[in-house]
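The values are calculated or read from the model by the stated rules, or taken from the named source; none is laboratory data. In this text the structure is predicted, and so the values were computed from the model without any measurement. Glycine gets a Cβ as well: all are built from the backbone with ideal geometry, and neighbour counts include every protein chain shown.
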Amino acid sequence: MSNLPPSSARTAFINAGNQLIPTSAYNYTELAEIYNQARVDYIVPMPMNNKRMQEYVQNYDISLDGSVVAINGDNLPCGVGMLGLRDKRGWITRLGVIPDRRKHHVGQAMMESLIGSAQDQGATLIQLEVILGNDPARLLFEKLGFVPTRELLVIRRPPSAPTPNLAYDSLKPITLSEADIPAILASRTDTPSWIEETRSLLNTTNLRGLRLVSDAGESGWIVFQRSPFQLTHFVLNYSDTWVAKALLYHVHKEHPMQDTKIENVDVGDQLWDIYQQMGYLEIFRRTEMFLHLK
Amino acid sequence: MSLIVVIEDNPDNSRMVAKLLRAASHKVIVAEDGETGLTTVFEHHPDLVLIDLGLPDIDGQTVIALIKQQPDLANMPIIAFTAFQPDVAQNMATAYGCHGVITKPIDTRAFVGQIEGFIAKLVS
């Protein structure tokens, strides 16, 4: 359990003539612009346009009232931080401070505000991910009581049909109907990060799914999102690694022209080995961190 | 003189590379997101595309894949322009069929030579 320090940076930030404004006071274009400015020199910038920002807010249950934009004494935005809320959990994301407006504990002031908002909403756990190598951010999170839980991978696979495999081809996948997908996701046994949770997936559109059963009785299913240019949000459930590979094989055989990006694969999960065997590359790593609140 | 399409959302970066390339007598068209970049490349068939991998609408890797899927553009020289770690950038550029990679921040003295080197190598 955390012994949170008093909101010292938030109070000092406001007493110095700055403001923390709820993001609900801004439109998605403005939020994307502030976020992009704040992330311009990041290891992995991941810029967003207004459409991507809106989808992000909707898919990941971001509370625009609980999220903040930091404004300095010259009335200029100096950073943004967002808070997702689900039941008694909060998720801090998209945190960044515009490079020439850093220092002055802006990041900590926003973090304290986001943690306070989560507590006000009854959260007993706050989680976040920090890109490996972003030491200043990680130090700030540790200072606030967050502890690392696991390392997560962001991986990609360029478009291509998989190498033909007669054994996989002998299995005929069954396409899951859209109506079946919520029920099958309810049976998942993995421990996904926030953005890969079932609630995130069900907030999106264009979910697809396949199920396989081998003659030997091994079985598995895969659910994923097929956006216009990309496959993403993979959820795999399998009784044997061979089935997992067969499922990926059939997905990429069906969608050979689609680029694939999968976020937050647990580095210790055997799925990472399977993904690598199916042509996936590591792009970067994140550390997941939790803060348990009293 | 070559026609180069720069797909880069950061205006400071795109201004700088465009200025350097134009000073070396190249024609440059800047696109600030993936969708505009695709339209520009499809319309102009440039001699080389320099593309940031982090774009605000469509990931740069996906844009590269979409260009490569056009039969008449499949061999168009594409250079990835990224702040990723050099080894990751190189692996990704190779996997996505790029002809090279330039990591950020650029070396302003070497940049034009790098681009012209890619073009010369690809033409020869």
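Below are the figures for this structure:
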quantity: Subset tally (residues that are touching a Pro at 6+ places or on another chain (Cβ under 9 Å), aliphatic (A, V, I, L, M) and assigned to a helix (DSSP H, G or I)) for the range B:1-20; calculated: 0
quantity: The range B:62-77, residues that are polar (S, T, N, Q) and either touching a helix residue (DSSP H, G or I) at 6+ places or on another chain (Cβ under 9 Å) or closer than 14 Å to residue B:7 by Cβ (or both); calculated: B:62, B:70, B:75
quantity: Selection count where residues are within 16 Å of residue A:34 (Cβ to Cβ) and not small (Gly, Ala, Ser), scope the range A:93-115; calculated: 12
quantity: Any chance residue B:47 is among the charged types (D, E, K, R), within 21 Å of residue A:35 (Cα to Cα) and in contact with a strand residue (DSSP E or B) (Cβ under 8 Å, 6 or more places away or on another chain); calculated: no
quantity: Whichever residue in the range B:1-27 is within 16 Å of residue B:76 (Cα to Cα) and away from every other protein chain (no Cβ under 13 Å) and, among such residues, is farthest from the chain's Cα centre (by Cα); calculated: B:2
quantity: Residue, nearest to residue A:195 (Cα to Cα), within the range A:46-80, restricted to residues that are surrounded by fewer than 16 Cβ atoms within 10 Å (Cβ to Cβ) and of a type in the set (Asp, Glu); calculated: A:65
quantity: Yes/no for residue A:49 being modelled with pLDDT of 95 or more, within 12 Å of another protein chain (Cβ to nearest Cβ) and in contact with a helix residue (DSSP H, G or I) (Cβ under 7 Å, 6 or more places away or on another chain); calculated: yes
quantity: Matching residues in the range A:230-262 - criterion: being surrounded by fewer than 18 Cβ atoms within 10 Å (Cβ to Cβ) and touching a strand residue (DSSP E or B) at 6+ places or on another chain (Cβ under 7 Å); calculated: A:239, A:255
quantity: Subset of the range B:91-121 [more than 14 Å from the chain's Cα centre (by Cα) and more than 11 Å from chain A (Cβ to nearest Cβ)]; calculated: B:107, B:108, B:109, B:110, B:113, B:120, B:121
quantity: Selected residue (criterion: surrounded by the most Cβ atoms within 10 Å (Cβ to Cβ)) from residues of the range B:40-79 that are small (Gly, Ala, Ser) and at pLDDT 95 or above; calculated: B:60
quantity: Residues being more than 14 Å from chain B (Cβ to nearest Cβ) and either aliphatic (A, V, I, L, M) or farther than 16 Å from residue A:222 by Cα (or both) - total across the range A:240-263; calculated: 6
quantity: Of all residues in the range A:1-45 being under 20 Å from residue B:60 (Cα atoms), touching a helix residue (DSSP H, G or I) at 6+ places or on another chain (Cβ under 9 Å) and modelled with pLDDT under 90, the one that is surrounded by the most Cβ atoms within 10 Å (Cβ to Cβ); calculated: A:45
quantity: Test result for residue A:172, closer than 26 Å to residue A:126 by Cα and touching a strand residue (DSSP E or B) at 6+ places or on another chain (Cβ under 9 Å); calculated: no
quantity: For residue A:268: the one exception among (1) assigned to a strand (DSSP E or B); (2) in contact with a Lys or Arg (Cβ under 8 Å, 6 or more places away or on another chain); (3) farther than 30 Å from residue B:71 by Cβ; (4) not basic (Lys, Arg); calculated: (1)
quantity: For residue A:199: the one exception among (1) outside any helix (DSSP H, G or I); (2) in contact with a Lys or Arg (Cβ under 7 Å, 6 or more places away or on another chain); (3) closer than 30 Å to residue A:116 by Cα; calculated: (1)
